[in-house]
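Scroll down for the structure; my scribbles are underneath it.
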Amino acid sequence: MTRFITSSFSHLILLIGILIMVVPVWMIFASSTHTSSMINMNGLQMFLGDSFYENYLRVLLYQGGFFKEITALKMFFNSFIMATGVAILSVVTSLMAAYALVYYRIKHATLLFWIIFITILVPLELRIFPTYSVMAELNLVNSYFGLIVPISASAIATLFFRQFYKTVPDELLESAKLDGANTWRFFVDFLIPLSKTMIVAMLIFMFVFGYNQYLWPLLVTTSEQYWTVVMGLKMMSGSIVHRFAFVIMSMVPPILIIIVLQKHFIKGVFQDK
Amino acid sequence: MSFLDLKNVTKIYPNGTKAVHETSLSIDEGEFMVFVGPSGCGKSTLLRMVAGLEDITEGDINLDGKLMNEVDPSERDVAMVFQNYALYPHMNVYNNLAYGLKNRGIDKETIEQKVNDAAKLLQISDYLQRKPSMLSGGQRQRVAMGRAIVRNPKIFLFDEPLSNLDAKLRIQMRLEIKKLQQKVGVTSIFVTHDQVEAMTLADRLAVINNGIIEQLGTPIEIYDNPKSLFVAGFIGSPQMNFLDGNLKNKTLSAEGFEIKDINSDFEGEVTLGIRPEHLSQSENGLISLRVELVEQLGSDNLVYGQLKNKKDFCYRCPGNQTIEKGSNLSLNIDNNKYYIFDKSTGKRVN
Ligand SMILES: Nc1ncnc2c1ncn2[C@@H]1O[C@H](COP(=O)(O)OP(=O)(O)O)[C@@H](O)[C@H]1O
Ligand SMILES: [Mg+2]
């Protein structure tokens, strides 16, 4: 009986926690399906209205910005390119950096690693102007390349992959060598499949990181053609319901990525065990 | 030149540890060579230099007439079975066996045939689709062997491959390895610290101590004719008994008895070695043993006790003799089956 009470109690607390997180999102979603006059008169809504298609289609296709050149659809496209680029590029570079640090006979590899690692203490905001001038010099302002590359070196991902490689037993490498595998084959046939779970986790993490960038895209794009969703949240003008609709849509891509990739993620975790 | 030739091979690790000292050794094609010695004596280092996994500090290694010193392990055509097997955890058994063949660019059908043949030989055909984590210790051991066999390498290298198995399985796998090697006929080097394993597997045996080969020979040669105190103590179970003594004018005086007409001109402090199985009971024997403990193995009895001077001593007798705890035995050494070593250098002198 006491067990029942304590477990109901903890469930209650969890439910309250979920409600605190979900209700505001729901209210924004519900409100975004009403007309603006309805919201202006009656405040936020808890139940769905009937302007869903009308509001969302308008937001997606409305030509916004100062020069009326950019649609939300284009922003989603830009954000997707940027987030995917950041995710893939940072995972690839971290994988290779960690491989070199652990498996190549580099003098002072540990020191090198810590130098890479302390860049975590230097946030993008701190180096944003020098980085910007480099991009400007290279004529890469207003390009996907400029959006993606400067934020795609991830010390954290390098740390994770390095720590993982260090746990791979030496005999595996030696065995593979005797089986005729060269450095490249060991990387492709062993380390990548063995770290699949971690690669997927890092892809998700870096995708969300790239998607959420605000300051950097703001700085490195002057043409509205390169606006991203997170920038657009501020830039888009319009009525309150349209802004709500945009907020709701802006949450969808990260959630989608997690749903799509988590299958591999969980499978990987259990296969490794 | 023989099939595998080590010439004055020395290994000094970057931290200064001298693991192997100027070792020379020749192994013939098809021979089963065992490196045996206590932990840390440099067996693995020597083996790993043959494999190419460790650089050679000095000396030459020739395999099949080719100098190996600078050849990458992937190019040496050697196969190794590791202590913890080092199976590829993300590949199923089939791919574990096939991986080395794929890297050599062999076509798919040939690979399939070779893998299936090896699997049949090792009785692992039923597990080909399983991952290593779903296999028992003995099965993993077989897969590791299969991975070596399937490539038909120039030489098999085994680094204590049986030490992770339980006692019964170890004996079974020991037999299987020996049979397999005889069937396949590949030159092999097997590293172990277990002298029983070494004796049963070896065509020839290298007893290694402190990075030096103390003695090289067939198991029987080494058992019958140990050249040093170390070899005498290391080979044979239970261990050889050692007694202090003095040798002068071909007469050995140990504590409590003398042996005359010894075939040696050495004079000075010596150690007398007698194997427990080279003793028999007789009236007025040389050695008087006070029995403290009897281990009955069935076929044999191992009798442990003390001599008059309180030295521990062991005697092995047939299992049908009854020996009482607390009794006194009078023992004689079987004809000339004793070994005398210079006490200061450990070298055999008789
Ligand atoms: N990578 C290494 N660096 C430094 N010393 C080592 C290394 N590997 C082994 N040794 C040392 O070399 C000696 C021989 O080691 P090893 O060949 O592994 O012995 P065994 O296999 O006979 O137990 C030991 O003293 C060991 O501590
Ligand atoms: Mg060893």
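The values are calculated or read from the model by the stated rules, or taken from the named source; none is laboratory data. Source: prediction; values computed, not measured. All Cβ positions, even for glycine, are placed from backbone atoms using ideal geometry, and neighbour counts span all protein chains on display.
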What's the number of the condition B:ALA198 fails, among (1) part of a strand (DSSP E or B); (2) within 14 Å of ligand 2 (Cβ to nearest atom)? (1)
B:ASN116, sole failed condition from (1) surrounded by 18 or more Cβ atoms within 10 Å (Cβ to Cβ); (2) part of a helix (DSSP H, G or I): (1)
Within the bounds of segment B:323-339, is there any residue that is farther than 30 Å from B:ASN210 by Cα, modelled with pLDDT under 90 and of a type in the set (Ser, Thr, Tyr)? no
Go through segment B:232-250 residue by residue and tally those that are part of a strand (DSSP E or B) and of a type in the set (Phe, Trp, Tyr). 1
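Can you list the strands (runs of 3 or more DSSP E) found entirely within segment B:1-62 that contain at least 2 residues being under 18 Å from the mean Cα position of the chain (by Cα) and away from ligand 2 (no atom under 12 Å from the Cβ)? Steps first, answer last, please.
Working: elements: B:4-12, B:18-27, B:32-36.
Per the criteria, B:18-27, B:32-36.
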Among B:LYS250, B:LYS311, which is the only one that is surrounded by fewer than 17 Cβ atoms within 10 Å (Cβ to Cβ), touching an Asp or Glu at 6+ places or on another chain (Cβ under 9 Å), within 30 Å of B:GLU324 (Cβ to Cβ) and not hydrophobic (A, V, I, L, M, F, W, C)? B:LYS311
Would you mention how many residues in segment B:201-211 are away from ligand 2 (no atom under 16 Å from the Cβ) and surrounded by fewer than 21 Cβ atoms within 10 Å (Cβ to Cβ)? 2
Could you look through segment B:24-79, keep only residues that are away from every other protein chain (no Cβ under 14 Å) and basic (Lys, Arg), and pick out the one that is farthest from ligand 1 (Cβ to nearest atom)? B:LYS66
So which residues in segment A:160-172 are surrounded by fewer than 19 Cβ atoms within 10 Å (Cβ to Cβ) and of a type outside the set (Phe, Trp, Tyr)? A:GLN163, A:LYS166, A:THR167, A:VAL168, A:PRO169, A:ASP170, A:GLU171
Across segment A:179-211, the tally of residues that are closer than 22 Å to A:PRO254 by Cα and away from chain B (no Cβ under 12 Å) stands at 14
Of all residues in segment A:212-225 being at pLDDT below 90 and part of a helix (DSSP H, G or I), which is nearest to the other protein chains (Cβ to nearest Cβ)? A:GLN225
Is it the case that B:ASN95 is in the same structural domain as B:ASP64 (by TED's automatic domain parsing), surrounded by fewer than 23 Cβ atoms within 10 Å (Cβ to Cβ), within 30 Å of B:MET49 (Cα to Cα) and not hydrophobic (A, V, I, L, M, F, W, C)? yes
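Residue-by-condition table, conditions (1) crowded, with 16+ Cβ neighbours inside 10 Å; (2) free of Cβ contacts under 8 Å to residues at least 60 places away in the same chain:
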{"residue": "B:MET1", "(1), (2)": "no, no"}
{"residue": "B:VAL20", "(1), (2)": "yes, no"}
{"residue": "B:MET49", "(1), (2)": "yes, yes"}
{"residue": "B:ASP55", "(1), (2)": "no, yes"}
{"residue": "B:GLU75", "(1), (2)": "no, yes"}
{"residue": "B:VAL81", "(1), (2)": "yes, no"}
Just one of (1) in contact with a strand residue (DSSP E or B) (Cβ under 9 Å, 6 or more places away or on another chain); (2) more than 16 Å from ligand 2 (Cβ to nearest atom); (3) of a type outside the set (Asp, Glu) trips up B:PRO161, so point out which. (2)
Taking helices (runs of 4 or more DSSP H) that fall entirely within segment A:1-69, which contain at least 3 residues that are at pLDDT 90 or above and over 19 Å from A:MET251 (Cβ atoms)? A:2-31
Return yes when B:ILE111 is touching a strand residue (DSSP E or B) at 6+ places or on another chain (Cβ under 8 Å), at pLDDT 95 or above and away from ligand 2 (no atom under 16 Å from the Cβ) and no when it is not. no
Examine segment B:134-153 for a residue that is away from chain A (no Cβ under 12 Å), under 30 Å from B:ASP64 (Cβ atoms) and within 16 Å of ligand 1 (Cβ to nearest atom), and state whether such a residue exists. no
State whether the residues of segment B:91-109 include one that is assigned to a loop (DSSP other than H, G, I, E, B) and touching a helix residue (DSSP H, G or I) at 6+ places or on another chain (Cβ under 7 Å). yes
I want to confirm something. Restricting to segment B:167-190 and keeping residues that are away from chain A (no Cβ under 14 Å) and assigned to a strand (DSSP E or B), which single residue is farthest from ligand 1 (Cβ to nearest atom)? B:THR187
